[in-house]
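A short write-up of the structure that comes next.
The values are calculated or read from the model by the stated rules, or taken from the named source; none is laboratory data. Just so it is clear, the model here is predicted, and its values are computed rather than measured. For neighbour counting, all protein chains shown are included, and Cβ atoms are generated from backbone atoms with ideal geometry for every residue, glycine included.
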Amino acid sequence: MPTALDFLSIGAHPDDAEIGTGAFLLKMKKRGYRTGIVCLTEGDMGNGTPEQRRKEAAEAAAGLKVDAFEILNLGDTRLEDSFDNRVTVASLIRTHRPTVVLAPYYGLEPGRGRGHADHIAAGYLASHAANFAHLEKFPAQGKAHFIKKIFYYFLAPSLRPTFIVPVDEEFPEAIEAMRAHASQFNRTDRPAFFPTRLEATAAYYGALIGAKYGQAFYVQDPLRLDDPLPLFA
């Protein structure tokens with residue numbers, strides 16, 4: 001059995017987890033934690049071939065220094081929170097045994113960008129699979145595993161983050177790793193997206209916490225603090 005991960009980031013397409021959590025994963029890796037990325041689809045409905053997108057994603061994952069990386073083929077533009085897919089993702093969670101799962105935020109209006117149907121479906125799918133992975137009788141492969149928490153990324157602009165992680169040093173490194181996704185980012189139809197929009201988003205979240213760059217996350221449950229003073233001191 002592979003060594004358990006501390007953080008497993010799940011994305012709908014190659015480049016999703018990198019955009020939403022790449023700098024955070026780099027920072028956690030520097031702190032000695034084990035990290036991983038799982039792409040649920042090959043992103044084959046967009047630019048580039050499945051083979052090209054797999055190669056780019058593997059290079060980006062290497063740049064982010066993750067300990068585990070996988071790409072599934074659950075259907076770009078047709079990703080579903082189905083029972084069979086829950087079994088598949090729960091099996092991956094049991095294999096990698098993460099303490100925390102990171103997933104796209106599910107409560108978005110449908111549309112382009114964050115509201116892509118696959119992003120919304122991935123949020124629901126990862127949430128349900130993570131829940132069912134701990135059930136002894138659930139028909140997923142591997143030993144039942146209970147995760148501690150889900151951190152949601154790709155937040156709606158109107159949603160107040162639960163917390164923001166400063167990534168001043170790691171964000172530029174993550175941008176360099178993401179340059180491997182040439183089929184997505186070297187495009188004349190959206191020249192302002194990479195890296196300009198990503199930098200603007202990270203700078204906005206960073207400004208909220210007095211940092212240059214930040215990556216924001218939402219957690220559903222209240223956080224328990226026996227002693228809140230160290231958090232704010």
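Scan region 121-167 for residues that are of a type in the set (A, V, I, L, M), surrounded by fewer than 16 Cβ atoms within 10 Å (Cβ to Cβ) and over 30 Å from ALA203 (Cα atoms) and the total you get is 2. Is it the case that VAL89 is closer than 15 Å to GLY123 by Cα, crowded, with 22+ Cβ neighbours inside 10 Å and in contact (Cβ under 8 Å) with a residue 24 or more places away in the chain? It is true that VAL89 is closer than 15 Å to GLY123 by Cα, crowded, with 22+ Cβ neighbours inside 10 Å and in contact (Cβ under 8 Å) with a residue 24 or more places away in the chain.
Residue check: is ALA117 in contact with a Ser or Thr (Cβ under 8 Å, 6 or more places away or on another chain), within 24 Å of GLU18 (Cβ to Cβ) and at pLDDT 95 or above?
Yes; evaluated as a whole, the condition is true for this residue.
The residue that is surrounded by the fewest Cβ atoms within 10 Å (Cβ to Cβ), counting only those in region 168-198 that are at pLDDT below 95 and among the basic types (Lys, Arg), is ARG190. Restricting attention to region 97-119, the residues that are outside any loop (DSSP other than H, G, I, E, B), touching a Lys or Arg at 6+ places or on another chain (Cβ under 9 Å) and either surrounded by 23 or more Cβ atoms within 10 Å (Cβ to Cβ) or among the β-branched types (Val, Ile, Thr) (or both) add up to 4. The set of residues in region 22-48 being of a type in the set (Ser, Thr, Tyr) and touching a residue at least 40 places away in the same chain (Cβ under 8 Å) consists of THR41 alone. Between LEU125, LEU159, the distinction of being assigned to a helix (DSSP H, G or I), closer than 26 Å to THR41 by Cβ, touching a residue at least 40 places away in the same chain (Cβ under 8 Å) and not small (Gly, Ala, Ser) belongs to LEU125 only.
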